[in-house]
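Q: If you scroll down you'll find the structure; I have some questions about it.
Just so it is clear, none of the values below were taken in a lab; they were calculated from the coordinates. If you're wondering where the values come from, they're calculated on a predicted model, not measured in any experiment. All Cβ positions, glycine included, derive from the backbone under ideal geometry; neighbour counts span all protein chains shown.
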Amino acid sequence: MALTRTVIVAGAGIGGLTASLTLAAQGFHVIVLEKAERLEEAGAGIQLSPNASRILVELGLKERLAQRAVTPEAVAVMSARAGGEITRMPLGEAAALRAGSPYWVIHRADLQAALQDAVNDHSAIDLRLGCQFEDVTKHAEGLTVVQRRGNARQQELATALIGADGIWSSVRGHLFPDVQPRFSGLIAWRGTLEASALPRDDAAPRVRLWMGPNAHLVAYPISAGRQINVVAIVSGTWNQPGWSAPGEASEVKDAFAGSLWPASARTLIGAVDGWRKWALFTLPDLGRWNEGAVALLGDAAHAMLPFAAQGAGMAIEDAAVLAKALRDSRGEDGSGIASALQRYAEMRRPRVLQVQRLARQQGRIYHLRGPAAIARDLFIRAIGPQRMLARQDWIYDWRA
């Protein structure tokens, strides 16, 4: 009996929605299971470098995203020790032409909404909200995936199951129950403010990164430039799971108080009215991302620190490679599907590990203090903005 052409994706985050679109583009019928009743993302921004935006543009999302995204003119790197800017790496239209695709900053909710709109418009994709993955069994006709909505259970026949359900993945728990996320010792605080509340230069369309002792701060415009997204990274012991716990403004203000941080950074922190926080967890290298016709994608496979601004980018890349690997398995039996997913994992894992290492390294560099921070600042000044930007070419120039 021929295998069904249905692929089930668990999770309707950025990776899961992108995977549904890339799979549908290759002729698969896709069912997306999402336990949330509505897709909502509280106040966080996201950076989409050309390696990720290229895939979204190829999926036909350019017009939807361009209305909501901002193309920053530069990345300004600031040193708390030096008190100001030490380099400014150009982005904007020139960088987009060089990479062949734009560098965008966007509200995560805007990206998710654009993806959801595209999914809802696609006849080959069935997005099921309030419906979660529960179990999977393998048999001669493929997989039977059990899903649950409230107390009701339903079985669905599928050729493959993709776990895109985040760092606390239920699908990963089914495949690799011994693998657990690890707390990094770092906490991310995030908030937004109206761009009109800042001086004109502080609201300019650029990404600003302040590096300081045991902490750093990132800010950039979102929502077509109307708002500024602010993320502050500090050390701490609070490590509750989740992405959007309420936070006391006094805690983050205290972390950036005093003479160690310039007035511009403290002013930005003070302008945010409401803060949310999340503990930064990562995953150890799994060694493998699939078991037969079940595979992992995005944070479910490789949750990383956000210091390379590539968490979402790697999930988007995963989706593109996964769809092409499964496309090449057309007409094959269950063993062919498993082989395709194994190829997907083998193609993706080396690059993802390299990006994970970069993120860890950059986190350490951002948080240097004393003589090490002086040496860092001198190096960045000496190398210059164009060479600094060129160090990212291996990320930005990637193509599926």
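Q: Longer than 32 Å from Cα to Cα, which of 62/324; 35/62; 35/324; 62/138 are they? Say none if no pair is.
A: Pairs exceeding 32 Å: 62/138.
Q: Out of residues 5 or more away from residue 160 or on other chains, whose amide H comes under 5 Å of its own, with H placed 1.01 Å from N in the peptide plane?
A: Residues meeting the amide H criterion: 8.
Q: List the GluC sites (Glu not before Pro) within the range 1-90 that DSSP assigns to loop and that have no more than 11 neighbouring Cβ atoms inside 10 Å.
A: Here the sparse-neighbourhood loop sites are 37, 40.
Q: Another question about this same structure. By how many degrees, between 0 and 90 and to the nearest 10, does the Cα long axis of helix 311-327 differ from the longest principal axis of the chain?
A: 30
Q: At 222 nm, what helix-only mean residue ellipticity would the chain give, in deg cm²/dmol to the nearest 500, using -39500 (n - 2.57) for each DSSP H run of four or more?
A: Result for the chain: -11000 deg cm²/dmol, rounded to the nearest 500.
Q: I would also like to ask the following. Taking neighbour counts of Cβ atoms within 10 Å as a proxy for exposure, in what order, fewest first, do 281, 256, 379 appear?
A: 379, 281, 256
Q: Another question, if that's okay. 5 Å is the cut-off here: which amide hydrogens, built 1.01 Å from N in the peptide plane, fall below it relative to residue 166, excluding neighbours closer than 5 in sequence?
A: It is 299, 300, by chain and number.
Q: Here is a further query. How high is the FRET efficiency from residue 144 to residue 93, r the C-beta distance, R0 51 Å, rounded to 0.05?
A: FRET efficiency, residue 144 to residue 93: 0.50.
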